[in-house]
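Below is one structure; the comments refer to it alone.
The values are calculated or read from the model by the stated rules, or taken from the named source; none is laboratory data. Because the structure is predicted, anything quoted here is derived from the model rather than measured. In this analysis, Cβ positions are derived from the backbone assuming ideal geometry, glycine residues included, and neighbour counts consider all displayed protein chains.
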Amino acid sequence: MRRAVLMSILILFSLNSVSATEYDSNQNLSTNGNLSGNHTVTNEATLEISGDYNIEDGSNFVVEEGSTMIISGEMSANAPPQLNIDPQTEMVVPIGNLGSEGIMRIIFAEEVYYNITIEINNDSYEWKGETFNYTMDMDVDNVVVNFTHTGFWLIAISEIQLSPSGSTPEIRTPDVLTGNGTSYVIPDRNKAWTIDVHGDLEVTGSIYGAEINCFGNCTFTNADLTSTGPINAYGSLIITDSSLSGGISDEDIIVWDDAEISWENSIGTGGTTDNWIRLLSSRTIGVQNSHVSFRGYGLGYDGVNSSQITDNSTGDFEKYGDHVIDIGYNERVRIIEWQDGNGDIHQESATGELVLSTPWGIYTKTIDDLPRVNHFDLDIDLPLLSFDSLVESDDENSVNSRLGVMATVSNQGDVSATFLVDCFSNGVEANVGVNVPYTVDAGDTIEIPLNWDSAVEGELTLECSIFVPYQLYSIEVLDSSASSASSGVVTWEEADEDSSSMIMPLAMGIVLAVVCYVGFMIYSRAKNEIDFETDSDDVSESDDDVGTIE
């Protein structure tokens, strides 16, 4: 019983295990056949594939650093190919003058569930299904079939059957069907096997249906590559006099970050499929703090404008507060360079702006030519303030009365600042008059008059600093050696009570004296007027008593 269980386990293991082959010395596979499992070229050896081989699904070839793989023969996936049809496709079917009349049967890889438009010889049909039949004159070299569809679903053809009247039917496989908008690919647009290159890969033969990841150096000369796109280039990739077709994505080659690409006299899938693109794996900006935002213009492949982005716009809270803004929020804005299907090279021409909005002011930094790199750091020009001095006008004063104090603030930064001053004395907020914003321009020094008032007695010192809003936290906007200033010691005392008690009597005495003096003057003047009138009456009476001498 135990032996039977053990045998069952061994059988199960053998069925699920994958064969592994290691090439640690130079070898040449020159016959034709099948290859499957994992294959590793190691120990600086060279493996050449000069024969024609079918590669089983899931097989993998690894070329280690220092080793080389040469493909001068043919390596093809076992999966039967199909012809993908773009939303606007002009497919050419070779007929070969088979006869006067017959039926052309288009067999689709999967059932088409919604109407597409098929046009042949000016006849147009709205059609859906699995097989489309068309009766036609077959005494021609070829016929053009036009397809139009929305592109929401994958449309693919597995083969075309030609049945001329009275003759043997013939098959046209996807590899002989050509035209704008067609792609010769493996089913489901999935690559069936893999080549990972950490050393060197040299291809002069043909490859079908492989995922190629080039971390080292890959050279394709007079090569025929079908359904390999996109080839991932992380190291160096050279394409010369070669053909790449059946791209299963929007590009035949993806050049990652600063990898090298050389494309000479070669043909890509064409149409909407680019020959190659340069895609950044990440695109970030290091800024001064989390309150800095970025807005980009003309970003990436489509030249789009971004919304306002901050360092937590991605929603990854583990990265919040790292002062890094991720501006590569999707793949298309990370495409910074590309060669289209016509062979024309394009490059992103983007600009940007950093903004920091604070109570001190709104500070910006314009980026005229946005760097096309994974990461760069950029600082916004900001003020750098120093509290130079705080000088009192006297060293003693009465409580509840104002004492003039002069504050001096300098700006050693590149832009102006409009700020507030915080003052304390004896551990509590000091009354220095109305607290209003003050503005100091870049490179200037200003004096700020303060009116200090204390309600308590004692020897006190006034301490003042510049208020820094939270939007400027973690940024050096204050001179660390002069971020605040203190006055000298001022003695505050109550006013002298004796002196103050004599003020009122003295004032009243002065007022009384003035009143008495004014009264005396009025009295004297009135008396003089009375005496003058009395004297006048006496004179008159005397005159009456004087007789006239007759």
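Beta carbons closer than 7 Å, at least 6 apart along the sequence or on distinct chains, pair a first residue in the range 295-312 that is at pLDDT 95 or above with a second that is of a type in the set (Ser, Thr, Tyr) for Arg295/Ser306; Gly296/Ser306; Tyr297/Thr351; Gly298/Ser349; Gly298/Thr351; Leu299/Ser306; Asn305/Tyr297. The test for being free of Cβ contacts under 8 Å to residues at least 24 places away in the same chain, part of a strand (DSSP E or B) and touching a Ser or Thr at 6+ places or on another chain (Cβ under 6 Å) holds for Glu211. Within the range 380-387, identify whether any single residue is small (Gly, Ala, Ser) and more than 30 Å from Ser425 (Cα to Cα), and answer yes or no. No, the range 380-387 contains no residue that is small (Gly, Ala, Ser) and more than 30 Å from Ser425 (Cα to Cα). Meeting the requirement of 2 or more residues that are within 44 Å of the chain's Cα centre (by Cα) and modelled with pLDDT under 95, the strands (runs of 3 or more DSSP E) wholly within the range 69-154 are 74-77, 82-85, 88-94, 102-120.
Residues of the range 36-61 that are touching a Phe, Trp or Tyr at 6+ places or on another chain (Cβ under 8 Å) and hydroxyl-bearing (Ser, Thr, Tyr): Thr40, Thr42, Ser59.
From the list Leu354, Leu382, exactly one residue is buried (at least 18 other Cβ atoms within 10 Å of the Cβ), outside any loop (DSSP other than H, G, I, E, B) and either at pLDDT below 95 or not hydroxyl-bearing (Ser, Thr, Tyr) (or both). Which is it?
Leu354
Can you work out which of the residues in the range 101-113 that are surrounded by 12 or more Cβ atoms within 10 Å (Cβ to Cβ) and not hydrophobic (A, V, I, L, M, F, W, C) is farthest from Ile186 (Cα to Cα)? Applying the filter and picking the extreme gives Glu101. With the condition kept exactly as written, say whether any residue in the range 424-437 is at positive phi and in contact with a strand residue (DSSP E or B) (Cβ under 6 Å, 6 or more places away or on another chain). Yes, the range 424-437 contains at least one residue that is at positive phi and in contact with a strand residue (DSSP E or B) (Cβ under 6 Å, 6 or more places away or on another chain). Per the listing Trp263, Trp276, the residue uniquely surrounded by fewer than 23 Cβ atoms within 10 Å (Cβ to Cβ) and either among the aromatic types (Phe, Trp, Tyr) or not assigned by TED's automatic domain parsing to the domain that holds Met75 (or both) is Trp263. For the range 158-177, the count of residues that are farther than 14 Å from Ser249 by Cα, exposed (fewer than 15 other Cβ atoms within 10 Å of the Cβ) and under 46 Å from the mean Cα position of the chain (by Cα) is nonzero. Across the range 111-129, the qualifying residues are those that are free of Cβ contacts under 8 Å to residues at least 40 places away in the same chain and among the aromatic types (Phe, Trp, Tyr), and the one among them that is farthest from Gly151 (Cα to Cα) is Tyr125. Taking the numbered list (1) modelled with pLDDT under 95; (2) more than 35 Å from the chain's Cα centre (by Cα) in turn, Asp188 passes all entries but (2).
Residue check: is Asp241 closer than 18 Å to Leu47 by Cα and touching a residue at least 24 places away in the same chain (Cβ under 8 Å)? No; evaluated as a whole, the condition is false for this residue. Looking across the range 74-90, not a single residue is surrounded by fewer than 21 Cβ atoms within 10 Å (Cβ to Cβ) and closer than 24 Å to Gly235 by Cβ. Evaluating Gly166 against the criteria (1) on the phi > 0 side of the Ramachandran plot; (2) in a strand (DSSP E or B) leaves one unmet condition, (2).
Within the range 409-448, can you find the residues that are of a type outside the set (Phe, Trp, Tyr) and under 13 Å from Glu463 (Cα atoms)?
Within the range 409-448, Val421, Asp422, Cys423, Ser425, Asn426, Gly427, Val428, Glu429, Ala430, Asn431, Val432 meet the criteria.
Here Gly404 passes the criteria (1) at pLDDT 95 or above; (2) under 26 Å from Pro469 (Cα atoms); (3) surrounded by fewer than 20 Cβ atoms within 10 Å (Cβ to Cβ) except the one numbered (2).
Which ones in the range 113-140 are within 16 Å of Ile160 (Cα to Cα) and touching a strand residue (DSSP E or B) at 6+ places or on another chain (Cβ under 7 Å)? Correct list: Ile118, Glu119, Ile120, Gly129, Glu130, Thr131, Phe132, Asn133, Tyr134, Thr135, Met136, Met138.
In the set Val405, Val373, Val434, Val415, which member is assigned to a strand (DSSP E or B) and of a type in the set (A, V, I, L, M, F, W, C)? Spell out how you get there, then give the answer.
Details: Val373 fails: assigned to a strand (DSSP E or B); Val434 fails: assigned to a strand (DSSP E or B); Val415 fails: assigned to a strand (DSSP E or B).
On inspection, the qualifying residue turns out to be Val405.
Taking Ser393, is it over 25 Å from Ile362 (Cβ atoms), in contact with a Gly (Cβ under 6 Å, 6 or more places away or on another chain) and free of Cβ contacts under 8 Å to residues at least 60 places away in the same chain? Taking the combined requirement at face value, the residue satisfies it.
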